[in-house]
Amino acid sequence: MTDSKSIVIGSVRQIANQTGKSLAETFIGVDCVIVVDTSGSMDRNDSRGGKSRYAIACEELAGLQANMPGKIAVIAFSSNVLYCPSGVPTYFGGTTDLTGALKFVRVADTPGMRFIVISDGDPDDSLGALTEAKKFKNKIDTIYVGPEGDRSGWEFLQHLAKVSGGQAVTADRAKELKANIEQILLHA
């Protein structure tokens, strides 16, 4: 599992440290906000190598940030929401307050910003999350990382993407997360 105190190469914090700029100044260069579900269900060990969905998400996000230095802001959410400039989404456990996470990131809904929600698609308040998503000017893309048999989680994330004009993809239980994010970003 990724150490939550480490700084990912290419993360907003690493670029800020490297350039001597503040986190706020560095955030101005961000092109994509990735909102990562770190609720209790993301601790299930059903991803590649028997690792948790969360561990694989951290690994894939680290690779993505290394390929796109300073361009990705990482937000962790469950019952809480937290900006993670180090590039490692803080694992909270707890419930899935996607509505709160969307409210939190909407401040970054400026022209050209991309939003990607990575989740197993089981929010506390589906209607609230969909209502909040409709308020976005930019698209919200979604990546489903839950179990293959859970149609309701996948269907919810498809609906969430649709209400904002985004696209929904599956990550085969987080096995191809980085590739799916790159695909979404390249087909803006």
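Scan the stretch 34-56 and give yes if some residue there is at pLDDT below 95, under 17 Å from A108 (Cβ atoms) and surrounded by fewer than 21 Cβ atoms within 10 Å (Cβ to Cβ), otherwise no. The answer is no, given that none of the residues of the stretch 34-56 is at pLDDT below 95, under 17 Å from A108 (Cβ atoms) and surrounded by fewer than 21 Cβ atoms within 10 Å (Cβ to Cβ). Can you find, within the stretch 69-85, the residue that is nearest to I28 (Cα to Cα) among those that are touching a strand residue (DSSP E or B) at 6+ places or on another chain (Cβ under 8 Å) and assigned to a loop (DSSP other than H, G, I, E, B)? Checked the stretch 69-85; the qualifying residue nearest to I28 (Cα to Cα) is K71. Screening V81 on (1) out of contact with any helix residue (DSSP H, G or I) (no Cβ under 6 Å at 6 or more places or on another chain); (2) among the β-branched types (V, I, T); (3) surrounded by fewer than 23 Cβ atoms within 10 Å (Cβ to Cβ) shows it passes everything except condition (1). Among residues of the stretch 37-60 that are in contact (Cβ under 8 Å) with a residue 60 or more places away in the chain, those with a Cβ under 6 angstrom from a residue that is among the hydroxyl-bearing types (S, T, Y) and in a helix (DSSP H, G or I), sequence gap 6+ or separate chain, pair up as M42/Y54. Contact map, the stretch 155-176: first residue at pLDDT below 95, second residue in a helix (DSSP H, G or I) and of a type in the set (F, W, Y), Cβ cut-off under 9 Å, separation 6 or more or different chains; pairs are A168/W154; T170/W154; A174/Y54. Looking at the stretch 51-60, is at least one residue farther than 14 Å from V145 by Cβ and out of contact with any strand residue (DSSP E or B) (no Cβ under 7 Å at 6 or more places or on another chain)? No.
The values are calculated or read from the model by the stated rules, or taken from the named source; none is laboratory data. This structure is a prediction, so every number in the text was calculated from the model and none was measured. No Cβ is skipped: glycine too gets one built from the backbone with ideal geometry, and neighbour counts run over all protein chains shown.
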